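To start, the structure under review is shown below, and the notes come after it.
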Amino acid sequence: MEIKIGVQNVGREIVLESTQDAETVAKVVGEAINGGSELRLKDDKGRLIIVPGNALAYVEIGAEEVRRVGFGQF
C-alpha cells in the first residue's frame, strides 16, 4: 500500500510503498504523535524511514490493493 507523509515546513512529501497493513501503520503513527517519539516505517524494499513525531504534518494511508496480473480488464 502507498503511504504519504507530510513533514512540517518541508515542501515535498515522503512517499513509500509498504507491505504493512493499514491498521498497523495507523497504530504506529498514533504512537509517534501521542508519545512524541519518532515514526519508523519500513518500505517494501526493506529501507527504514524515520521521521520525528513532532514534525509530522499528516500521514495518508492508501487503500490496500490486490495487484492484478495480466492484460484483461475486470
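The values are calculated or read from the model by the stated rules, or taken from the named source; none is laboratory data. Quick caveat: nothing in here was measured; it's all calculated off a predicted structure. Every residue, glycine among them, receives a Cβ derived from its backbone with ideal geometry; neighbour counts consider all protein chains shown. Only protein heavy atoms, including side chains, enter the accessible area calculation; ligands, DNA and RNA are left aside. Shrake-Rupley method; radii C 1.70, N 1.55, O 1.52, S 1.80 Å.
Quick one: helix 22-35 against the long Cα principal axis of the chain, what's the angle to the nearest 10°, folded into 0 to 90? Once rounded, one gets 10 degrees.
Given a Förster radius of 30 Å and the C-beta distance between T24 and F71 as r, what FRET efficiency does 1/(1 + (r/R0)^6) yield to the nearest 0.05? The partial results should precede the final answer.
On the way: r = 33 Å, r/R0 = 1.10.
The pair T24/F71 has a calculated efficiency of 0.35.
Placing a label point 7 Å from the Cα of M1 along the Cα-to-Cβ direction, the residues of region 22-48 whose backbone N falls under 18 Å from that point are 22-33, 39-46.
Dipole size in debye (nearest 20) for the chain around its Cα centre, Lys and Arg Cβ +1, Asp and Glu Cβ -1? Provide the component values of the computation, followed by the final result.
Values: 9 positive and 12 negative charges, 43 e Å.
With Lys and Arg at +1 and Asp and Glu at -1, about 200 debye.
For L39, the residues whose amide H sits under 5 Å from its own are V51, G53, ignoring neighbours fewer than 5 places away on the same chain, with H placed 1.01 Å from N. The fraction of Cα-Cα pairs per 5 angstrom bin, counted from 0 for the chain, comes to 3, 15, 25, 24, 14, 7, 5, 3, 2, 0 percent, rounded to whole percents.
Rank by packing, highest mean first: peptides 16-25, 41-50, with packing defined as the count of other Cβ atoms within 10 Å averaged across residues. Spell out each step's value before the answer.
Working: 16-25: 13.8, 41-50: 11.7.
Most protected by this proxy first, the peptides run 16-25, 41-50.
Computed from backbone phi with θ = phi - 60° and the Karplus coefficients 6.51, -1.76 and 1.60, the 3J(HN,Hα) list for region 55-63 is 9, 6, 9, 6, 9, 9, 9, x, 6 Hz; x is used for glycine and proline. Can you check what the net charge comes to around K45, using other residues whose Cβ is under 15 Å from the Cβ of K45 (Lys, Arg +1; Asp, Glu -1)? Net charge around K45: -2.
Expressed as a whole percent, the accessible surface of the chain that belongs to carbon and sulfur atoms is 49, based on a 1.4 Å probe.
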